[in-house]
Amino acid sequence: MSKKEDSRGKKGSHQTELYAEVPSTCLPIVYSPEYNITFMGLEKLHPFDAGKWGKVIHFLKEEQFITDEVIVLAREASEADLLVVHTARYLNRLKWSLVVATITEIPPLLFLPNFLVQRKVLKPLRTQTGGTIMAGKLAMDRGWAINVGGGFHHCSSDKGGGFCAYADITLAIKFLFERVEGVARATIIDLDAHQGNGHERDFLEDRRVYIMDVYNRHIYPGDGYAKRAIKRKVELDWGTEDMEYLQKVELHSEGALNEVRPDIIIYNAGTDILDGDPLGGLAISPQGIIKRDEIIFRAARRRGIPILMVTSGGYQKKTARIIADSILNLHRQGLIGEEAVEGAGPSHVPLMMSKSVSSGAMFSAI
């Protein structure tokens with residue numbers, strides 16, 4: 001799929017452990033137990049389920065799709081890795097607990113020593129960020145990859161927010177541009193309920209990156225400046241349901257990929273579109289989310305374009321089960337797995353229309 005560079009990459013690139021070779025016996029599914037945030041119950045002060053990533057893996061093991069032996073263990077992104085995108089000034093600001101409390105929207109963090117904040121909050125996020133970068137290379141090598149975490153699409157090179165402290169999507173793309181021969185164009189398909197203003201700000205003037213963003217127009221972040229980077233913008237209203245949503249996703253994803261053929265797709269697969277999500281304000285059923293993911297993978301695989309999926313936002317306890325069910329469906333459809341083939345057959349996922357309307361909330365979100 002790609003000519004692989006060594007860990008130093010092209011001339012002038014720093015040494016990194018994130019592009020180390022992965023055994024062929026592993027599936028390109030990236031995860032680490034370090035993803036999960038648990039510290040004195042403080043993580044419960046934000047509606048985000050800070051342990052959902054481990055639950056996804058648990059469900060996939062329960063269904064005998066994966067074992068520990070076939071998972072790619074994510075590595076923490078180093079400071080040198082982060083400096084590929086982030087400014088030194090921004091990384092230094094994260095050494096202040098007040099700044100991290102503001103970004104994560106967990107006010108009590110400001111009272112904790114920063115070494116604890118680094119260890120218990122930022123290290124898990126750095127590990128997920130490393131996982132996204134690793135998954136980018138795996139997608140080029142294997143045709144697809146899933147980071148069970150990541151998708152911090154509100155963070156840009158010099159500003160975090162909405163529980164996003166590191167710009168993992170931007171980093172994954174920049175690493176690929178710098179280190180993998182043949183990667184010159186990338187398309188971001190952002191289907192989280194919120195606008196992905198972080199990567200949009202980072203790629204505002206970069207014609208190599210095409211951004212499609214489908215989001216609730218009425219909620220955080222409402223970043224008009226960042227919207228200038230969106231090449232295909234689909235703004236939704238409160239309570240959008242399955243039929244309208246899936247029609248728009250399919251129409252615009254096909255249109256985006258027909259307009260510009262990228263060398264890789266980064267798919268931000270937030271589940272905060274789920275009916276009842278306290279922050280997303282949409283009304284998509286679990287079956288609708290599963291179908292959505294299938295639409296995107298089918299479009300990528302049919303064209304032979306490598307795809308990297310990150311899981312992003314989702315603020316209900318049941319989202320972990322839905323993510324796992326979606327991954328299992330992708331496997332059943334022949335869209336992922338060792339036997340995955342391009343142009344897999346027709347879908348068999350039933351659609352169920354969801355009718356209830358979610359309301360907004362005081363928190364912002366991934």
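The values are calculated or read from the model by the stated rules, or taken from the named source; none is laboratory data. Just so you know, these numbers come straight off a predicted model, no measurement behind them. Backbone-built Cβ (ideal geometry, glycine too); neighbour counts: all protein chains shown.
Which one of these does residue 69 not meet: (1) assigned to a helix (DSSP H, G or I); (2) touching a His at 6+ places or on another chain (Cβ under 9 Å)?
(2)
Has region 228-238 got at least one residue that is without any contact (Cβ under 8 Å) to a residue 60 or more places away in the chain, β-branched (Val, Ile, Thr), surrounded by 17 or more Cβ atoms within 10 Å (Cβ to Cβ) and touching a strand residue (DSSP E or B) at 6+ places or on another chain (Cβ under 6 Å)?
Checked region 228-238: at least one residue is without any contact (Cβ under 8 Å) to a residue 60 or more places away in the chain, β-branched (Val, Ile, Thr), surrounded by 17 or more Cβ atoms within 10 Å (Cβ to Cβ) and touching a strand residue (DSSP E or B) at 6+ places or on another chain (Cβ under 6 Å).
Quick one: would you say residue 291 is assigned to a helix (DSSP H, G or I) and without any contact (Cβ under 8 Å) to a residue 40 or more places away in the chain?
No; evaluated as a whole, the condition is false for this residue.
What number of residues within region 160-176 satisfy the criterion of being over 10 Å from residue 264 (Cβ atoms) and either among the small types (Gly, Ala, Ser) or assigned to a helix (DSSP H, G or I) (or both)? Reasoning before the result, please.
Filtering region 160-176 down to residues over 10 Å from residue 264 (Cβ atoms) leaves 160-171, 174-175.
If we keep only those that are either among the small types (Gly, Ala, Ser) or assigned to a helix (DSSP H, G or I) (or both) as well, we get 160-162, 165, 167-171, 174-175.
Adding up the residues that qualify gives 11.
Quick check on region 93-107. Is at least one of its residues surrounded by fewer than 21 Cβ atoms within 10 Å (Cβ to Cβ), modelled with pLDDT of 95 or more and assigned to a loop (DSSP other than H, G, I, E, B)?
Within region 93-107, one or more residues are surrounded by fewer than 21 Cβ atoms within 10 Å (Cβ to Cβ), modelled with pLDDT of 95 or more and assigned to a loop (DSSP other than H, G, I, E, B).
Where residues in region 139-159 are aliphatic (A, V, I, L, M) and assigned to a strand (DSSP E or B), which of them is farthest from residue 93 (Cα to Cα)?
Filtering first and then ranking leaves 145.
Please indicate, with yes or no, whether at least one residue in region 163-171 is among the small types (Gly, Ala, Ser), over 19 Å from residue 135 (Cβ atoms) and either modelled with pLDDT of 95 or more or within 14 Å of the chain's Cα centre (by Cα) (or both).
Looking for residues that are among the small types (Gly, Ala, Ser), over 19 Å from residue 135 (Cβ atoms) and either modelled with pLDDT of 95 or more or within 14 Å of the chain's Cα centre (by Cα) (or both), one finds none in region 163-171, hence no.
With the structure loaded, tell me whether residue 229 is touching a Leu at 6+ places or on another chain (Cβ under 6 Å) and either at pLDDT 95 or above or assigned to a strand (DSSP E or B) (or both) or whether it fails that test.
On the way: touching a Leu at 6+ places or on another chain (Cβ under 6 Å): yes; either at pLDDT 95 or above or assigned to a strand (DSSP E or B) (or both): yes.
Spelling it out, residue 229 is indeed touching a Leu at 6+ places or on another chain (Cβ under 6 Å) and either at pLDDT 95 or above or assigned to a strand (DSSP E or B) (or both).
If you scan region 241-283, which residues turn out to be free of Cβ contacts under 8 Å to residues at least 60 places away in the same chain and either closer than 30 Å to residue 141 by Cα or surrounded by fewer than 24 Cβ atoms within 10 Å (Cβ to Cβ) (or both)? Even if it seems obvious, please write down each step before you answer.
In the first step, residues of region 241-283 are kept if they are free of Cβ contacts under 8 Å to residues at least 60 places away in the same chain; the result is 244-245, 247-252, 254-255, 258-259, 271, 274.
Within region 241-283, 244, 247, 248, 249, 250, 251, 252, 254, 255, 258, 259, 271 meet the criteria.
When region 91-112 is examined, which residues are found to be closer than 23 Å to residue 199 by Cβ and touching a Ser or Thr at 6+ places or on another chain (Cβ under 7 Å)?
The answer is 105, and nothing else.
Are any residues in region 166-179 hydrophobic (A, V, I, L, M, F, W, C) and surrounded by fewer than 24 Cβ atoms within 10 Å (Cβ to Cβ), and if so, which ones? Working first, answer last.
Narrowing region 166-179 to residues hydrophobic (A, V, I, L, M, F, W, C): 167, 169, 171-173, 175-177.
Selection gives 177 alone.
Out of the residues in region 41-58 that are hydrophobic (A, V, I, L, M, F, W, C) and either surrounded by fewer than 19 Cβ atoms within 10 Å (Cβ to Cβ) or farther than 16 Å from residue 316 by Cβ (or both), state the one that is modelled with the highest pLDDT.
This residue is 57.
Which residues, counting only those in region 205-222, are within 19 Å of the chain's Cα centre (by Cα) and under 22 Å from residue 186 (Cα atoms)?
Listed by number, the residues that qualify are 209, 210, 211, 212, 213, 214, 215.
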